[in-house]
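The values are calculated or read from the model by the stated rules, or taken from the named source; none is laboratory data. Everything quoted here is computed from the prediction, not taken from an experiment. Neighbour counts run over all protein chains shown; Cβ positions are idealised from the backbone, glycine included. Side chains are part of the model used for accessible areas, which takes the heavy atoms of the whole protein and leaves out ligands, DNA and RNA. Shrake-Rupley method; radii C 1.70, N 1.55, O 1.52, S 1.80 Å.
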Amino acid sequence: MGHRFGRADLRRRMRDYVRGLLAPVGRKNGWQLAEFAGHRTPDGLQRLLNRATWDADDVRDDLHSYVAKHLGDDGGVLVIDDTGFIKKGTTSAGVQRQYSGTAGRTENCQIGVFAAYATSTGRALVDRELYLPRSWTDDRERCRAAKVPEERGFATKGELAKRLVLRALASDLPLAWVAADAAYGQE
């Protein structure tokens, strides 16, 4: 069973971890990142990565608030696009031979639909949805093996993009526009 961190402790450890990843640290191992963060040992950061129980959607909602506070602008633009992640094997959720714009051809890959928020102050990735092809959603045993939630059914990339837009509109992010790749032009 995962270790439950208090929200403040989880945020502090995550902040320390991300700052270390972004810092000019020569090697990005546990000891180096912990030392950069001022920790005596890497134990806390390792617990964060190995045993912490957290909800990715809660993290996303916190990120929306953080980005709104630090980058928010009434002229903000939500940018929607998908990208492929080349994979070997067949067990990663959603992986199959499919067109990947990243590769420019059909490859064995996963596809994610992403939302970025952009203003004149800066930009940040703020949301994501994994595309699950019908070959996955029609095979519940395969989904269970990959820890895909039971309630997750098939959705087109356009439907996933709509979810991202609706969540952004319901968040603290001030939006003037939504922009997307031409593939979403009919949505």
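Answer rounded, prolate or oblate for segment 54-97, using the Cα gyration tensor with square roots of eigenvalues a ≥ b ≥ c: rounded when a/c is under 1.5, else prolate when a/b is larger than b/c, else oblate.
On the way: a/c = 4.82, a/b = 1.96, b/c = 2.46.
It is oblate, given that a/c is not under 1.5 and a/b is not larger than b/c.
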* Separation between Cα centres of segment 1-70 and segment 166-187, rounded to whole Å -> 29 Å
* Asked: Of all GluC sites (Glu not before Pro) in segment 88-173, which ones are in loop regions per DSSP and have a Cβ with at most 12 other Cβ atoms within 10 Å?
  -> 150, 151
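Could you tell me how many cubic angstrom of Cα convex hull volume segment 1-91 has per residue? Could the numbers behind the result be given before it?
Working: hull volume 16.2 nm³, N = 91.
Convex hull volume per residue, Cα atoms: 178 Å³.
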* For the chain, calculated [θ]222 nm from helices alone, where every DSSP H run of n ≥ 4 adds -39500 (n - 2.57) -> -11500 deg cm²/dmol
* **Gyration tensor (alpha-carbon) shape descriptor, the chain, a/c threshold 1.5** => oblate
* Along segment 80-87, what does the Karplus equation 6.51 cos²θ - 1.76 cosθ + 1.60 (θ = phi - 60°) give for ³J(HN,Hα), rounded to whole Hz, x for Gly and Pro? -> 10, 7, 10, 8, x, 10, 4, 9
* Accessible area (Å², 1.4 Å probe, nearest 10) - residue 162 -> 100 Å²
* **Reach of residue 88 by Cα under 13 Å, taken over aspartates and glutamates that are not fewer than 8 positions away in the same chain** => 107
* Structure fact -> Sorted by chain and then number, the residues having a modelled amide H within less than 5 Å of the amide H of residue 109, at least 5 places away or on another chain, are 87, 96, 97, 98
* Structure fact -> Sorted by accessible surface (1.4 Å probe, heavy atoms of the protein chains only), largest first, 86, 80 come out as 86, 80
* Please report the relative contact order for the chain, taking Cα pairs under 8 Å with a sequence separation of at least 6, and give it as a percent rounded to a whole number. => 21 percent
